[in-house]
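Right, one structure below, let's go through it.
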Amino acid sequence: GTPQKYDPTFKGPIYDRGCTDIVCCVLLVVAIVGYVVVGVVARWCCWSSSAPPRRYRPAPLRGGVRAGHGVGLGGSRTVPYSPLLRPPHPQICVSKCPDRYLTFLTAHGAPGELGYYRNFCVPAFDPRKAPIEVLKDKECPAMLIPSTPLARRCFPAIQAKKGVIMVGNETTYDDGRGRRRNVTELLEGAKKANVVLETRQLAMKIFEDYTVSWYWIIIGLVIAMVASLIFIVLLRFLAGIMVWVMIVMVILVLGYGIFHCYMEYAKLKGEAGSDVSLADLGFQTDLRVYLHLRQTWLAFLIILCVVELVIVLLLIFLRKRILIAIALIKEASRAVGHVMSSLLFPLCTFFLLCLCIAYWASTAVFLSTSNEAVYKVFNESACPFSGQTCRPETFNTSNVTKLCPDAQCLFAFYGGETAYHKYLIVLQFFNVFMFFWLANFIIALGQVTLAGAFASYYWAFKKPDDMPAFPLFSAFGRALRYHTGSLAFGSLVLAIVQVIRVTLEYLDHRLKAAENKFAKFLLSCLKCCFWCLEKFIKFLNRNAYIMIAIYGTNFCTSARNAFFLLMRNIIRVAVLDKVTDFLFFLGKLLIVGSVGILAFFFFTQRIKLVQDTAPPLNYYWVPILTVIVGSYLIAHGFFSVYGMCVDTLFLCFLEDLERNDGSAEKPYFMSPDLRKLLKKTN
């Protein structure tokens, strides 16, 4: 702790520490070892059962696109459908989807057509058999419908031309009984397939936009990174001016947005179709349609006006407190200036999080696909063996085929009877829990490392002479050496709450169709409570990690001290800390807004100097949204370092005020500027 008498050789409380929460450290190590074992076992089980299940009787699969007899629908992989989901017809793999209307009765009477029809029959098809026998044995489909491949499956090629529903450029088809039917009768059965086709078309257009604009997106993200870095560097030297410039720029950017929306709204006055309401238009995949409506620009105009008004009112009421926040930002600027490597440290945290996410995702996939294929007996007539497990390798020579000639040994589901398969759901739950624990641990490690580096700056009596040579690496080493257990403890508590929240979300999803209103109400209350609890624990953990970095105490002691320290200074917390957070938010808004406007004018070819350079796009909002989201993430990464610095210095500042009085025995460690602002002297 802080000494009773000032010692010139004293380097601050951050150096006096020992190992904390050792039990949690051991528990984390054991959990990680178990997590690795689960991942290895899941991969081994998946690879050992990776042989694709086969389908026996009436025909083995052939390579190509899967088509179902009679409707042109089915699967595409060598893995057969579950009988609960597949159409009630045999399914085979074909090299190409059917491209014409054709019935088997028509093809059987025309040798030329029969050769084409055989491509959609089972290999054991005998053209010498009577048509009724072929259809009875389900060796060939009763009819073919023009289809289109999607994910290597054949779907009816339904399309609309000038409001007329067509399949394969035809509006009617022969039902095989000499009658012509309207293709709209197929629409209801293929409605979901048509939605999938539209989604696929939208996804392909978005992918095309990314292929022609990816390098411009990268340039936009680089501009956002450079702008964030320049802003922070300027903030180090001109904090006060930059804060006020930032506030004015945000107001101007929003003002221009209001002006632009008004001009677009006025320009559309009197144009045909511009007065259609959003409710009447409905959802459109081409978002450019909405920009031709006056109501869209009016909504944008109202939103921007409300945001502008709120920001102006906040600035008026907090104008005096902004000066205090500027002092904290200046002090944080000096601290970051002496620990410039801290600006790149979020990349380390991001890399570790990517590894954690990749391991969790791969383990989840291997656990989900490591089941064994289970086959069961299916038949259309009465059979005593129906529903029993069977083996495809020996099914054709078993007694089942003799007693039940129409029985088939079909793939039913993935599962198994081993202990591993019985506890598979437990392993999946453990995988999710470990993901949250490790992700929170990585974030906690980043926070305590930054807090330790900035605390070493504050508690250096002679800044920066008393600081360690490499404060960031020193703080990282202290965190791993002494406080791995405390970080594991804090992240474990947060992970438990997050897993409970995920479980509640899952239950809410399953109970959506339920009619029990009390259960829904209770579930909603629980979700709200645990959401608030998660937010509170995150806030408490963040400040507890700062106290751990400062004093080296265990997690519970640090959390208690941080909480009561903040409660004793609740007004300062509400004003100084939150005003600073608000100013950082404005900085992010300025960077994201500027880069977003630049991207909007570039990709919509409104900048004459580079009008011919912009790539042709299906949806120009795709690269614009990507640049905006990427710019926000980049700005958030840079400003998160500053935010952690301000929070750390704020807690150090409060500790300094409570423990010291400026006397020779208890001098203040704060900088001269802060002492001058608070009228304190040593």
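The values are calculated or read from the model by the stated rules, or taken from the named source; none is laboratory data. Please read these numbers as outputs of a predicted model, since none were measured by experiment. Don't worry about glycine lacking a Cβ; one is built from the backbone with ideal geometry, like all the others, and counts go over all protein chains shown. Protein only, heavy atoms only, side chains kept; ligands, DNA and RNA dropped before computing areas. Shrake-Rupley method; radii C 1.70, N 1.55, O 1.52, S 1.80 Å.
For Thr172, nonlocal amide neighbours, meaning residues 5 or more places apart or on other chains whose placed amide H falls under 5 Å from its own, are Val183.
Mind scanning Lys330/Lys679; Lys330/Lys666; Lys588/Lys679; Lys376/Lys422; Lys402/Lys422; Lys588/Lys680 and naming the pairs with a C-alpha gap bigger than 27 Å? It would help to have the intermediate numbers written out before the result.
Values: Lys330/Lys679 17 Å; Lys330/Lys666 25 Å; Lys588/Lys679 33 Å; Lys376/Lys422 19 Å; Lys402/Lys422 34 Å; Lys588/Lys680 34 Å.
The pairs that break the limit, which is 27 Å between Cα atoms, are Lys588/Lys679; Lys402/Lys422; Lys588/Lys680.
Label the range 260-371 by shape, choosing from rounded, prolate and oblate, from the square roots a ≥ b ≥ c of the eigenvalues of the Cα gyration tensor; if a/c is under 1.5 it is rounded, and otherwise prolate applies when a/b is larger than b/c, oblate when it is not. Oblate, because a/c is 1.5 or more while a/b does not exceed b/c. Overall, the anisotropy analysis places the range 373-414 in the oblate class: the square-rooted eigenvalues a ≥ b ≥ c of its C-alpha gyration tensor yield a/c not less than 1.5, with a/b not exceeding b/c.
For the range 543-631, what does the relative contact order come out to in percent, with C-alpha contacts under 8 Å and a separation of six or more?
Working: 50 pairs, mean separation 18.1, N = 89.
20 percent.
Can you put Glu113, Glu133 in order of accessible area, largest first, using a 1.4 Å probe?
Working: Glu113 60, Glu133 80 Å².
Correct descending sequence by accessible area is Glu133, Glu113.
The residues Ser213, Ser386, sorted by heavy-atom accessible surface at 1.4 Å with ligands and nucleic acids left out, run Ser386, Ser213 from largest to smallest.
May I ask you to derive the FRET efficiency for Ile496 and Val276 from their Cβ-Cβ distance with R0 = 41 Å, giving the value to the nearest 0.05? Provide the component values of the computation, followed by the final result.
Numbers: r = 51 Å, r/R0 = 1.23.
Efficiency at R0 = 41 Å is approximately 0.20.
Whole-Hz Karplus values for the range 525-533 come out as 5, 5, 4, 5, 4, 6, 5, 5, 4 Hz, taken residue by residue from phi with 6.51 cos²θ - 1.76 cosθ + 1.60 and θ = phi - 60°; glycine and proline positions read x. Taking amide H as placed 1.01 Å from N in the peptide plane, the amide H of Cys390 sits under 5 Å from that of Tyr375, Lys376, Val377, each at least 5 places away or on another chain.
Volume per residue, Å³, of the convex hull around the alpha-carbon atoms of the range 97-152?
Working: hull volume 4.5 nm³, N = 56.
Output value, Cα hull per residue: 80 Å³.
Solvent-accessible area of the range 581-682 (1.4 angstrom probe, protein heavy atoms only): carbon and sulfur portion equals 61 percent.
Close amide H partners of Thr103, meaning residues 5 or more places away or on another chain with modelled amide H under 5 Å apart, are Leu144. On the principal axes of its alpha-carbon atoms, the range 284-433 has extents of 92, 51, 24 Å, going from largest to smallest.
Per residue of the range 93-109, in order, report the coupling 6.51 cos²θ - 1.76 cosθ + 1.60 (Karplus, θ = phi - 60°) as ³J(HN,Hα) in whole Hz, putting x for Gly and Pro. Using θ = phi - 60°, the values come out as 9, 10, 7, 7, 5, x, 10, 8, 7, 6, 9, 5, 4, 5, 5, 5, x Hz. Computed over protein heavy atoms with a 1.4 Å probe, the accessible surface of the range 373-414 works out to 58 Å² per residue.
Kirkwood radius, the range 563-668, all distinct C-alpha pairs, inverse of mean reciprocal distance: 17.2 Å. Size descriptors for the range 503-618, from the alpha-carbon set: Rg then Dmax equal 23.8, 63 Å.
Residue ranking by accessible heavy-atom surface, 1.4 Å probe, largest first, among Ile303, Ile537, Ile628 comes out as Ile303, Ile628, Ile537. Within the full protein context, the accessible area of Val629 is estimated at about 90 Å² for a probe radius of 1.4 Å. When nucleic acids and ligands are ignored and a 1.4 Å probe is applied, Thr394 ends up with an accessible area of around 70 Å². Here the extension length gained between Leu565 and Val29 equals 189.7 nm, from 0.36 nm per residue of separation less the Cα-Cα distance.
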